[in-house]
Amino acid sequence: ATLLVNASAGRLMPNTLFGIFFEEINHAGAGGLWGELVNNRGFEAGGPNTPSNIDPWSIIGDESSLVVSTDRSSCFERNKIALRMEVLCDNTGSNICPAGGVGIYNPGFWGMNIEEGKTYKVALYVRSLGSINISVSLKSSNGLQTLATANIIASASDVVNWTKAEVSLEAQGTNQNSRLQLTANQKGVIWFDQVSAMPLETYKGHGFRKELVEMLADIKPRFIRFPGGCFVEGEWLRNAFRWKETIGPWEERPGHFGDVWKYWTDDGLGHFELLQLAEDLGALPIWVFNNGISHNDEVDTSSILPFVQEALDGIEFARGDSGSKWGSVRAAMGHPEPFDLRYVAVGNEDCGKKNYRGNYLKFYDAIKRVYPDIKIISNCDGSSRSLDHPADYYDFHVYTSANNLFSMAHQFDRTSRNGPKAFVSEYAVTGRDAGTGSLLAALAEAAFLIGLEKNSDVVEMASYAPLFVHVNDRRWNPDAIVFNSAQQYGTPSYWVQRFFMDSSGATLLNATLQTNSSALIASAIIWQNSVDNENYLKIKIVNFGSSAVSLRISVDGLGLNSIQQSGSTMTVLTSANPMDENSFKEPKKVVPIQSRFDNAGKEMNVALSPLSLTSFDLLT
Ligand code: AHR
């Protein structure tokens, strides 16, 4: 087989071509990207009912030593539930408290990762009719090992009204499966609310779990679509993500039950934090809002205006100046400068729904009137026929088998070049071919992405989905990044993203394969490395077949001696078995392997491994 690369002419690819899609699914945010260690910090899980669902909080002690209940006495209007703890035992007298006291503990999200030498900030709200001496400690899951402890001591007059108490705990040991305990050993009644434990060290100090964001930063995403997905829609509108409920001081946020992925979120990771994450990653935010449609109910177009106003307010929150109504709320949260919001999506996967078109037009007109520069993304697929409504982009989602996705590298070849641009905001190989993240799936995705590069005159953005999975809550398989409380690894699909991280804004060259094989697909780009300012020719090839291939690569149009011998590399993603996966035990079983490439030149003979993705990075 031969690959002819013509470097004398090329086409600039969009700066936004490859990004990420963050959805609150699989505990991606709560218990994942968001650093908060306490799960259900306000005892509100399950909504405003009393008694409330305090899960996963548990009780230390028995009926003879304490009574735990919930009531609606919180000082926070939007989350009224507080935990009431009546301690029946004492440190003197006939009913002596057990050693260590009685109280409650929270195991976080399947265990808290506490690391020796690191500091954790615990904040909580407390009220009592008498004096208090509460021990706040980080313990192993069975409560036997103390990793850090401090006491909150206050006289009755100090805590007769709700009071915020804060302690800093420095861990004296490491345990990935820890819990936070609040205990007392003195008779009396204590109320708790909004109990938080955050590691002191987070990504850019903004509350994100460092190692997870670093994995995102490493793929240089140019945009981040958020916060869903179905999470935005809800099974029912009453459970959909509504941005106004997720901003302001964390203590005042009501939290909500995401009924599609079936878990409660305290919403510490809200609209503000996701905009902040985009900024921290140097990625453009793409906000998906609810358009009055859930999986099971819809707001009629004649009544949609409150939703339209909510979307306009959400945009003003992001980019209004700090004197504007919602811009001032953002400024009060510590970000006086506007966020760089340029794209919004009206709903998610709602195109076929009864009211979609009607509702969409109301959003479109209202947003364009106030923000003519904002690009609006429709849920309706315009890849094979034109849309019956105006849009800057249309959303395209695909989850399919490996063979299908491989052949979908040509999906956009025949798409009209005149309509709105495509945003492939969700794609992945799923089902049997994918397992929980196979090499085979990743290779088909790589081929699909090469196809998108070639069609990047009509496809301006693409993101894999879903991004994260907490190993204890696999709602969706596969995912790009797998984590637990302490560890994380990329699936082969994640590693494929790394091969494409320099494509956005690069120049696509003409690359033609001469071969009888239908198992090969290749692209060639030139990109400039901002670190050394050097220009690289990057040739990527997927060999989707099960035999090795000898390939001659011929590069034309670069000028004499323009490919340098030194400094070039070859990177290969492959494995012994197409269904090979990474795991916590073998996190690097299927990862790209880089080596020196000494054959660099205008004519090169290379060998492609069976079932592989290879990238030649040639210094020009
Ligand atoms: O990525 C998982 C889900 O797939 C998304 O929530 C939804 O948009 C799609 O159906």
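The values are calculated or read from the model by the stated rules, or taken from the named source; none is laboratory data. No experiment lies behind these values; they were computed from the predicted model shown. Ideal geometry is used to build each Cβ from the backbone, glycine not excepted, and the neighbour counts take in all protein chains shown.
Quick one: which of Asn472, Asn455 is in contact (Cβ under 8 Å) with a residue 24 or more places away in the chain, among the polar types (S, T, N, Q), surrounded by fewer than 24 Cβ atoms within 10 Å (Cβ to Cβ) and within 24 Å of Trp34 (Cα to Cα)?
On the way: Asn455 fails: within 24 Å of Trp34 (Cα to Cα).
The unique qualifying residue is Asn472.
I need a count of the residues in segment 345-362 that are of a type in the set (A, V, I, L, M) and within 16 Å of the ligand (Cβ to nearest atom). Spell out the reasoning first.
Pass one, segment 345-362, residues of a type in the set (A, V, I, L, M): 345-346, 361.
With within 16 Å of the ligand (Cβ to nearest atom) added as a condition, the list becomes 345-346.
The total comes to 2.
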For this session: Considering (1) away from the ligand (no atom under 16 Å from the Cβ); (2) outside any loop (DSSP other than H, G, I, E, B); (3) of a type outside the set (Phe, Trp, Tyr), say which one Val482 fails and leave the rest.
Result: (1)
For this session: Determine whether segment 79-96 contains at least one residue that is surrounded by fewer than 19 Cβ atoms within 10 Å (Cβ to Cβ), modelled with pLDDT of 95 or more, under 24 Å from Leu129 (Cα atoms) and within 32 Å of the chain's Cα centre (by Cα).
Result: no
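Would you confirm, using the coordinates I've provided, whether Arg498 is within 16 Å of the ligand (Cβ to nearest atom) and either surrounded by fewer than 21 Cβ atoms within 10 Å (Cβ to Cβ) or farther than 30 Å from Ser178 by Cβ (or both)?
Details: within 16 Å of the ligand (Cβ to nearest atom): no; either surrounded by fewer than 21 Cβ atoms within 10 Å (Cβ to Cβ) or farther than 30 Å from Ser178 by Cβ (or both): yes.
Against the criterion (within 16 Å of the ligand (Cβ to nearest atom) and either surrounded by fewer than 21 Cβ atoms within 10 Å (Cβ to Cβ) or farther than 30 Å from Ser178 by Cβ (or both)), Arg498 does not qualify.
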Problem set entry | Candidates Gly46, Gly32, Gly111, Gly101 - the one that is under 30 Å from Tyr494 (Cα atoms), away from the ligand (no atom under 16 Å from the Cβ) and in contact (Cβ under 8 Å) with a residue 24 or more places away in the chain | Gly111
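Mind listing whichever residues of segment 52-83 are over 30 Å from Ile247 (Cβ atoms) and part of a loop (DSSP other than H, G, I, E, B)?
Looking only at segment 52-83, we keep the residues that are over 30 Å from Ile247 (Cβ atoms), and these are 58-69.
Hits for segment 52-83 are Gly61, Asp62, Glu63, Ser64, Ser65.
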Exercise. What are the pairs, 6+ residues apart or on separate chains, where a residue within segment 528-540 that is closer than 17 Å to Asn510 by Cβ has its Cβ under 7 Å from a residue that is surrounded by 13 or more Cβ atoms within 10 Å (Cβ to Cβ) and charged (D, E, K, R)?
Worked result: Lys538/Asp502; Lys538/Asp617
For this session: Report yes if some residue within segment 327-348 is out of contact with any helix residue (DSSP H, G or I) (no Cβ under 8 Å at 6 or more places or on another chain), farther than 20 Å from Glu279 by Cα and not acidic (Asp, Glu); otherwise report no.
Result: no
